[in-house]
Amino acid sequence: MTNIILIGFMGSGKTSIGRKLARKLNYTFIDSDEWIATQENQTIASIFESKGETYFRELEYVFIQSLHGKTEIVLSTGGGMPCYKNAMDLLNSLGTTVYLQRSVLDLVHRVSHSKTKRPLVNGKTSDELKQYIQSMLEIRNSFYEQAHWVADRKIQTHNQLIRFLVESGEVLPEIEN
Ligand code: S3P
């Protein structure tokens, strides 16, 4: 069976939906940030702080390559991962990519209420956050929209997403029960 790869802006719910999706499908769940933090024995925030963003992007890029040949994985990606070099092509070749699309306001709300420490938005006021998300989405959407499927807000619980993937023929119908 194929892999399911969730992409989208920070705060779009990739990790929580991915975890539930993997459980339901009986696939292995991998969160790229968790994987990188474990490999480096450092939090994502401290990798950004001590080694910089480009170093982190290279780690993400190497991580994608390490997945070659793996199957039955639900992968939750970091929000910037698809936008570096040809990463989006690599992700598309690894399995079925799904863009969890959310509005700017929704993302602002979710990011500002999240417990996860995100170095790129740390310390921003809610106006600054809104500006930042708006301008980053303008750049990132052209990558995110290369996903095989765009999951808009109508299909953003794991159950709705599973139903959608079954109906699209991406996963077997049996697992729905
Ligand atoms: C980032 C998103 C984060 C994490 C890092 C950079 C980004 O992951 O990879 O802080 O560039 O959007 P989430 O999307 O899981 O928050």
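The values are calculated or read from the model by the stated rules, or taken from the named source; none is laboratory data. Here the structure is a predicted model, which is why all the values come from computation and not from measurement. With ideal geometry, Cβ positions are generated from the backbone for all residues, glycine too; neighbour counts draw on all protein chains shown. Keep in mind that these areas ignore ligands, DNA and RNA; they rest on the heavy atoms of the full protein, side chains included. Shrake-Rupley method; radii C 1.70, N 1.55, O 1.52, S 1.80 Å.
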Scan the range 133-144 and give yes if some residue there is over 24 Å from E34 (Cβ atoms) and touching a helix residue (DSSP H, G or I) at 6+ places or on another chain (Cβ under 6 Å), otherwise no.
-> yes
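Listed residues Y132, Y99; which is aromatic (F, W, Y) and surrounded by fewer than 18 Cβ atoms within 10 Å (Cβ to Cβ)? Step through it out loud before you land on a result.
Values: Y99 fails: surrounded by fewer than 18 Cβ atoms within 10 Å (Cβ to Cβ).
Answer to the selection: Y132.
Take the range 57-86 and flag every residue that is closer than 19 Å to P119 by Cβ and out of contact with any Leu (no Cβ under 9 Å at 6 or more places or on another chain).
Of the range 57-86, the ones closer than 19 Å to P119 by Cβ are 57-61, 63, 76-84.
Across the range 57-86, the qualifying residues are R57, E58, L59, E60, F63, G78, C83, Y84.
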K70, sole failed condition from (1) of a type in the set (K, R); (2) more than 10 Å from the ligand (Cβ to nearest atom); (3) surrounded by 14 or more Cβ atoms within 10 Å (Cβ to Cβ) = (3)
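Residues L59, L105, L91: which one is of a type outside the set (F, W, Y), under 25 Å from H158 (Cα atoms) and open to solvent by less than 40 Å² (accessible area, probe 1.4 Å)?
On the way: L59 fails: under 25 Å from H158 (Cα atoms); L105 fails: open to solvent by less than 40 Å² (accessible area, probe 1.4 Å).
Within the list L59, L105, L91, the selection yields L91.
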Across the range 27-45, which residue is least open to solvent (accessible area, probe 1.4 Å) among those that are of a type in the set (A, V, I, L, M) and either under 16 Å from T116 (Cα atoms) or more than 13 Å from the ligand (Cβ to nearest atom) (or both)?
-> I36
Within the bounds of the range 148-165, is there any residue that is open to solvent by 40 Å² or more (accessible area, probe 1.4 Å), farther than 21 Å from S16 by Cβ and part of a helix (DSSP H, G or I)?
-> no
Would it be correct to say that T2 is farther than 22 Å from L90 by Cα, among the β-branched types (V, I, T) and open to solvent by 20 Å² or more (accessible area, probe 1.4 Å)?
-> no
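If the requirement is being of a type in the set (D, E, K, R), open to solvent by 30 Å² or more (accessible area, probe 1.4 Å), farther than 19 Å from T116 by Cβ and more than 12 Å from the chain's Cα centre (by Cα), which of these qualifies: K24, K20? Explain how you work it out, then say what you get.
Values: K20 fails: farther than 19 Å from T116 by Cβ.
Answer to the selection: K24.
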Among the numbered criteria (1) open to solvent by less than 60 Å² (accessible area, probe 1.4 Å); (2) under 30 Å from Q42 (Cα atoms), which single criterion is violated by K124?
-> (1)
